[in-house]
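*Asks:* Sending over a structure as structure tokens; questions will come in a sec.
The values are calculated or read from the model by the stated rules, or taken from the named source; none is laboratory data. If you're wondering where the values come from, they're calculated on a predicted model, not measured in any experiment. Here the Cβ positions follow ideal geometry from the backbone for every residue, glycine too, while neighbour counts run over all protein chains shown. These accessible areas exclude ligands, DNA and RNA; they are computed on the full protein's heavy atoms, side chains included. Shrake-Rupley method; radii C 1.70, N 1.55, O 1.52, S 1.80 Å.
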Amino acid sequence: VYAAIDPYRDSFSKEIAYCRDKLSAGVDGFFTQPLFDLRLLEIYAEQLTDTEVFWGLCPVVGERSQNYWTKRNAVVFPKGFRADLQWNRDFSSSVVEYVRKHSGHVYFMPIKVPVVDYLDGII
């Protein structure tokens, strides 16, 4: 049984406490809402060592998509973020590299972006 992590839902400490409650209840691991900042992933990964996590990646291309994630999901995009395919590929590649080094997992959630175009050069 897997549960959700939403790094943008609440405060960091509340979300980690919620994760620990879920682990105490018997979940086997987590799937995250898509992340857009490697530093945030690293902090969560440090707190969830020895826990199976599938880190979510979703390309955000265009102002409309960025506004959706900001308003609907309270995402705070990192400085230097660009809502274009190349930024998203570069970011996804850095996450894949990090996750490979730390024996983790990723999942891709391309919305309105052709899968082949998005994954080209990532995997």
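*Asks:* Calculate, in whole percent, how much of the Cα-Cα pair population of segment 75-118 lies beyond 16 Å. Kindly include the intermediate steps, with their values, before the conclusion.
*Replies:* Numbers: 429 of 946 pairs.
Of the Cα pairs, 45 percent sit more than 16 Å apart.
*Asks:* Now a separate question. Rounding to the nearest 10 and keeping the result within 0 to 90°, find how far the Cα-based axis of helix 63-73 lies from the longest principal axis of the chain.
*Replies:* The helix 63-73 is inclined about 10 degrees to the chain.
*Asks:* Could I ask something else about it? Around Glu42, with a cut-off of 13 angstrom between Cβ atoms, what is the net charge of the other residues, counting Lys and Arg +1 and Asp and Glu -1?
*Replies:* -1
*Asks:* With every protein chain left in place, what is the accessible area per residue of the chain in square angstrom, probe 1.4 Å?
*Replies:* 58
*Asks:* Can you give the relative contact order of the chain as a percent, counting alpha carbon pairs under 8 Å and 6+ residues apart?
*Replies:* Normalised by residue count, the contact order of the chain is 26 percent.
*Asks:* Taking segment 15-85, which trypsin sites (Lys or Arg not before Pro) meet the DSSP loop condition and have no more than 15 other C-beta atoms within 10 Å? Kindly include the intermediate steps, with their values, before the conclusion.
*Replies:* Values: sites: Arg20, Lys22, Arg39, Arg64, Lys71, Arg72, Lys79, Arg82; in loops: Lys79, Arg82.
Taking segment 15-85 and a limit of 15 other Cβ atoms within 10 Å, the loop trypsin sites (Lys or Arg not before Pro) found are Lys79, Arg82.
*Asks:* When Rg and Dmax of the Cα atoms in Å is calculated directly from the model, which label among (1) 14.9, 47; (2) 14.3, 40; (3) 13.6, 39 fits?
*Replies:* From the options (1) 14.9, 47; (2) 14.3, 40; (3) 13.6, 39, the structure gives (2).
*Asks:* Here's a follow-up. Can you send over the carbon and sulfur percentage of the accessible area for the chain, probe radius 1.4 Å, protein chains only? Provide the component values of the computation, followed by the final result.
*Replies:* Working: 3710 of 7160 Å².
Carbon plus sulfur share of accessible area: 52 percent.
*Asks:* Longer than 28 Å from Cα to Cα, which of Lys79/Lys112; Lys22/Lys79; Lys22/Lys112 are they? Say none if no pair is.
*Replies:* Values: Lys79/Lys112 24 Å; Lys22/Lys79 32 Å; Lys22/Lys112 32 Å.
From Lys79/Lys112; Lys22/Lys79; Lys22/Lys112, over 28 Å: Lys22/Lys79; Lys22/Lys112.
*Asks:* Sticking with this structure for a sec: Could I get the Rg over Rh figure for segment 1-56? Both from C-alpha atoms, Rh via Kirkwood, rounded to two places. Working shown, then result.
*Replies:* Details: Rg = 10.2 Å, Rh = 11.2 Å.
Taking Rh as the inverse mean 1/r over Cα pairs, Rg/Rh reads 0.91.
*Asks:* Turning to a different aspect of this structure: Among residues other than Asp21 whose Cβ falls under 11 Å from its Cβ, what is the net charge (Lys/Arg +1, Asp/Glu -1)?
*Replies:* It works out to a net charge of +2.
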